Amino acid sequence: MTSYWCMWCTLHPLEWKRYKENQASIVEEDQRPWTVDLNNETLEKIRTGQLKEARDKKGVVSEHVWPFIEPCNYIFPHLHLEIGVVNMVLENFYGFVEEQVVVVSLPQGCPHYCHTHLPTRQPPGE
């Protein structure tokens, strides 16, 4: 299951993020809870080419590691969420820096240039 999709039901990410506001407008079939069998059925359809669109695949990418544990018994991974949020903030910050910061090359012979063109700090009391 990809991390973008709901780990408990078959809702599209845009739907589960706004579930409380749009609950009445969501089709009942899209609200089905995941089961190991439903995951396996979906995976089989993907492998046979019956499902090609990401919306139809619903985040299924592999078989369950432990097929005897139903998704309704999963515990939400809070640490992974927090790590993911921090990673998103860092990625956005790095993207901002790459877009906004311009690397300026100094003229050749930088030490001489720096000493002759940059203001020098006067020691206190002079």
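Here segment 13-79 is treated with +1 on each Lys and Arg Cβ and -1 on each Asp and Glu Cβ, and its dipole about the Cα centre works out to around 280 debye.
Counting neighbouring Cβ atoms within 10 Å and putting the fewest first, the residues ASP37, ASP30 line up as ASP37, ASP30. Judged by the ratio a/c of the largest to the smallest principal axis of the C-alpha gyration tensor, segment 1-68 counts as prolate, that ratio being 1.5 or greater while a/b is larger than b/c. Scanning residues 5 or more positions from CYS9 or on other chains, those with amide H under 5 Å from its amide H are TRP34, with H placed 1.01 Å from N in the peptide plane.
Readers should treat all values here as calculations from the given coordinates under stated rules, not as data from a laboratory. Keep in mind that what you see is a predicted model, and the values were worked out from it rather than measured. Neighbour counts are summed over all protein chains in view; Cβ atoms, including those assigned to glycine, are modelled from backbone coordinates with ideal geometry.
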